[in-house]
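K.L.:
Take a look at the following structure, please.
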There are 2 protein chains.
Amino acid sequence: MELSTLQFELVHNLLSLTVAAMFAAGLFFWGSRDHVDHRFRPALLVSAIVVFIAGYHYLRIWQSWGGAYMAQDGKFVPSGVGFNDAYRYADWLLTVPLLLVELIAVLSLAKSEARGLLKKLVVAAVLMIALGYPGEISDVAGTKWLWWVLSMVPFVYILVTLFVKLGPVIAKESVEVRGLISLARNVLLVTWLFYPISYLFPIFGLGGAQGETLLQVGYTIADITAKAGFGLVIYNIARAKSEVSLKAA
Amino acid sequence: MELSTLQFELVHNLLSLTVAAMFAAGLFFWGSRDHVDHRFRPALLVSAIVVFIAGYHYLRIWQSWGGAYMAQDGKFVPSGVGFNDAYRYADWLLTVPLLLVELIAVLSLAKSEARGLLKKLVVAAVLMIALGYPGEISDVAGTKWLWWVLSMVPFVYILVTLFVKLGPVIAKESVEVRGLISLARNVLLVTWLFYPISYLFPIFGLGGAQGETLLQVGYTIADITAKAGFGLVIYNIARAKSEVSLKAA
């Protein structure tokens with residue numbers, strides 16, 4: 001597949017920007033642990049780790065993209081070394097369960113409740129990513145659909161847990177914190193929906209150079225929002241809850 | 001475009017020096033957080049993140065510069081792989097809004113006031129950088145001017161906000177702090193002015209090997225001053241305000 005110089009460079013530069021953005025967010029969450037109540041420091045630590053993992057993977061994806069194409073006659077043609085999209089799956093396998101850990105860690109749940117919830121959510125998240133992969137690498141529409149449906153089962157389970165089961169826990173929080181938790185859940189819902197939708201692009205014939213460019217840009221923006229953006233919301237929840245507990249003290 | 005060995009090496013070595021300077025400044029701001037009052041630690045944290053992001057991008061720019069030319073008959077000729085100036089834009093897109101965050105974070109504004117101000121300034125900063133890019137990559141003078149003018153609108157908005165609207169806030173500070181805040185604003189004004197001026201170099205025929213060398217040296221010095229230098233002023237403001245609050249305590 002040939003790419004125009006603009007397509008190749010747009011993706012290449014955006015991938016590099018994402019490396020910087022992820023590591024920068026990681027330093028911010030890491031360094032901000034001192035600025036929140038000690039109960040919320042584990043949540044910020046996990047937020048930092050998520051974006052550091054993503055920063056590492058974007059470095060690999062950037063490198064793989066740069067090596068997969070070469071300039072020829074004012075275009076970019078395949079170099080023969082394939083672009084490795086599996087780095088994205090490796091990243092999600094590690095970071096997606098941790099994003100759920102972040103969210104649970106910033107809520108003030110009873111220890112046993114948090115532990116039970118986390119086990120279920122983490123298992124569901126790993127299943128969701130792992131079940132998607134066989135369909136991602138298949139060219140057969142039927143196979144893609146089968147694994148898509150299988151992968152959507154844990155996805156729906158996660159959403160039901162977050163939006164229904166967490167309701168009573170969230171109702172106890174202050175108005176500001178409730179708003180931020182809603183925002184966190186919505187960021188998660190909207191950004192995570194991008195992955196199963198874009199997964200189906202090839203089935204609907206959205207391929208070629210333009211499709212690939214859109215897909216890479218879409219995945220990247222979804223990842224920045226779902227990890228660095230989501231982490232910022234978690235940081236704001238931790239700050240808001242820290243102020244409430246300082247006032248109460 | 002051919003470069004003399006002196007021109008190539010001047011830029012190459014200055015870019016490498018900048019990698020070291022940015023990371024060094026990052027470690028200084030990061031480590032200095034403990035030496036200021038807790039209210040000013042987020043400002044130093046953001047200062048550190050800005051120069052770490054810049055350090056990453058200078059590493060990429062240094063690498064790209066080295067790969068874009070090759071030694072031949074006592075000169076440096078293009079290797080065929082273009083020099084990627086887009087790293088500078090990616091850097092500015094991330095760091096310029098954060099420089100404004102630094103400045104606001106070190107002033108002692110009421111929370112709602114700081115939040116409102118920051119939203120406007122960050123949006124303006126992102127618009128300023130994004131609107132500059134289409135003109136930067138165009139070879140048509142008219143197109144360059146159009147995007148230059150569009151990009152100057154948010155730039156002027158930022159300057160008016162900092163120099164006019166912040167007046168009453170700054171008037172409350174001590175003489176020493178007032179002087180430092182003036183210095184910070186002036187560093188920002190003078191260094192940021194370099195970018196829209198140098199943007200117009202090609203229109204005024206300042207191109208070729210000498211123009212490119214001057215541009216790279218100019219951008220680099222402007223970046224060191226606007227990020228590491230500016231961060232140092234922010235550090236001094238945080239120190240001065242910490243001493244005042246320690247005396248008051």
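Values in this text are rule-based calculations from the coordinates and carry no lab data. Please read all numbers here as calculations on a predicted model, not as lab measurements. With ideal geometry, Cβ positions are generated from the backbone for all residues, glycine too; neighbour counts draw on all protein chains shown.
K.L.:
Roughly speaking, what is the stretch gain from B:ILE221 to B:MET1, that is 0.36 nm per residue apart minus the C-alpha to C-alpha distance, in nm to one decimal? Let's see the in-between values first.
P.N.:
Values: separation 220, 0.36 × 220 = 79.20 nm, distance 2.30 nm.
Here the segment from B:ILE221 to B:MET1 would lengthen by 76.9 nm.
K.L.:
Here is a follow-up. If each DSSP helix of 4+ residues adds -39,500 (n - 2.57) and the sum is divided by the residues in the protein assembly as shown, what number results at 222 nm, nearest 500 deg cm²/dmol? Kindly include the intermediate steps, with their values, before the conclusion.
P.N.:
On the way: 18 runs with 376 residues, N = 498.
Computed mean residue ellipticity for the protein assembly as shown: -26000 deg cm²/dmol.
K.L.:
For the range A:43-111, give the magnitude of the charge dipole about the Cα centre (Cβ charges: +1 Lys/Arg, -1 Asp/Glu; no others), in debye to the nearest 20.
P.N.:
Working: 4 positive and 4 negative charges, 20 e Å.
Magnitude of the dipole: close to 100 debye.
K.L.:
Within a 10 angstrom radius of each residue's Cβ in A:6-18, how many Cβ atoms of other chains show up on average? Whole number is fine.
P.N.:
Numbers: counts 1, 0, 0, 4, 1, 0, 2, 6, 2, 1, 8, 10, 1.
Counting other chains' Cβ atoms within 10 Å and averaging over A:6-18 gives 3.
K.L.:
Rounded, prolate or oblate: which one fits the range A:78-160, using the alpha carbon gyration tensor with axes a ≥ b ≥ c (rounded when a/c is under 1.5, else prolate when a/b beats b/c, else oblate)?
P.N.:
On the way: a/c = 4.33, a/b = 1.88, b/c = 2.30.
The shape class here is oblate.
K.L.:
All other residues with a Cβ under 15 Å from the Cβ of A:SER16 taken together, and with Lys, Arg as +1 and Asp, Glu as -1, what is their net charge? The partial results should precede the final answer.
P.N.:
Working: positive: A:ARG60, B:ARG60, B:ARG88; negative: A:GLU9, A:ASP223, B:ASP85, B:ASP91.
Every neighbour counted, the sum reads -1.
K.L.:
Two decimals is fine: what is log10 I(q)/I(0) at q = 0.11, 0.21 Å⁻¹ for the range B:1-97, from a Debye sum with one equal scatterer on every Cα and no solvent?
P.N.:
Scattering profile of the range B:1-97, log10 relative to I(0): -0.42, -0.98.
K.L.:
Next question, about the same structure. Rounded to two decimal places and with Rh computed the Kirkwood way over Cα pairs, what is Rg over Rh for the range B:1-58?
P.N.:
Details: Rg = 15.7 Å, Rh = 12.7 Å.
Checking Rg against Rh, the ratio lands at 1.24.
K.L.:
Any number yet on Rg/Rh for the range B:176-240, C-alpha, Kirkwood?
P.N.:
On the way: Rg = 14.8 Å, Rh = 13.0 Å.
Rg divided by Rh gives 1.14.
K.L.:
Averaged across orientations, what area in nm² does the convex hull of the alpha carbons in the protein assembly as shown project?
P.N.:
Numbers: hull surface 102.6 nm².
For the protein assembly as shown, averaging the hull's shadow over all directions gives 25.7 nm².
K.L.:
Among A:ILE181, A:ILE197, A:ILE224, which one shows the biggest mean-square fluctuation in a GNM of chain A, springs joining Cα atoms closer than 10 Å?
P.N.:
A:ILE197
K.L.:
Something else: In debye to the nearest 20, how big a dipole does chain A give about its Cα centre with +1 on each Lys and Arg Cβ and -1 on each Asp and Glu Cβ?
P.N.:
Working: 19 positive and 16 negative charges, 233 e Å.
The dipole of chain A has a size of about 1120 debye.
K.L.:
Going 7 Å from the Cα of B:LYS111 along its beta-carbon direction, which residues of the range A:28-63 have the amide nitrogen within less than 14 Å of the resulting point?
P.N.:
A:36-37
K.L.:
Between the alpha-carbon centers of the range B:166-227 and the range A:132-161, tell me the distance in whole angstrom.
P.N.:
So the two Cα centres are separated by 52 Å.
K.L.:
Hey, another quick one. Would you be so kind as to identify all helices of chain B, as entire DSSP H runs, whose Cα atoms reach 24 Å or more along the helix's own axis and whose mean Kyte-Doolittle hydropathy is at least 1.6?
P.N.:
In chain B, no H run is both long and hydrophobic enough.
K.L.:
Pull up the cross-link candidates among the lysines for B:LYS241, meaning alpha carbon to alpha carbon under 20 Å and not fewer than 8 places away within one chain.
P.N.:
The reachable lysines, counting only those whose Cα sits under 20 Å from B:LYS241, are B:LYS111, B:LYS172.
K.L.:
From a point 7 Å beyond the Cα of B:GLN72 in the direction of its Cβ, which residues of the range B:1-32 have a backbone N at a distance under 16 Å?
P.N.:
What the label zone holds, given the 16 Å backbone N cut-off, is B:1-5, B:8.
K.L.:
Over chain A, what is the relative contact order in percent, taking alpha-carbon pairs closer than 8 angstrom and at least six residues apart?
P.N.:
Values: 280 pairs, mean separation 61.9, N = 249.
With pairs under 8 Å counted, the relative contact order is 25 percent.
K.L.:
Bins of 5 Å, beginning at zero and ending with the bin holding the largest distance: percent of Cα pairs per bin for the range B:110-202, please.
P.N.:
Histogram of Cα-Cα distances, whole percents per bin: 2, 12, 20, 20, 17, 11, 8, 5, 3, 1.
K.L.:
May I pose another question? With only alpha-carbon atoms in the gyration tensor, what are the semi-axes of the equivalent ellipsoid for chain B, in Å, largest first? Write down the numbers at each step before the final one.
P.N.:
Working: eigenvalues 254, 92, 35 Å².
So the equivalent ellipsoid measures 36, 21, 13 Å along its semi-axes.
K.L.:
Related question: In whole percent, what relative contact order does the range B:1-84 give with Cα contacts below 8 Å and a gap of six or more residues?
P.N.:
Working: 91 pairs, mean separation 32.5, N = 84.
It comes to 39 percent, rounded to a whole number.
K.L.:
Let me confirm one metric for peptide B:44-55, namely the mean number of other chain beta-carbon atoms within 10 Å of its residues' beta-carbons.
P.N.:
On the way: counts 1, 7, 4, 0, 4, 8, 1, 0, 4, 7, 1, 1.
So the per-residue partner count for this stretch is 3.
K.L.:
Using 13 Å as the cut-off for backbone N distance, which residues of the range B:27-42 belong to the label zone defined by a point 7 Å from the Cα of B:SER174 along Cα→Cβ?
P.N.:
Counting backbone N atoms under 13 Å from the label point, the list is B:37.
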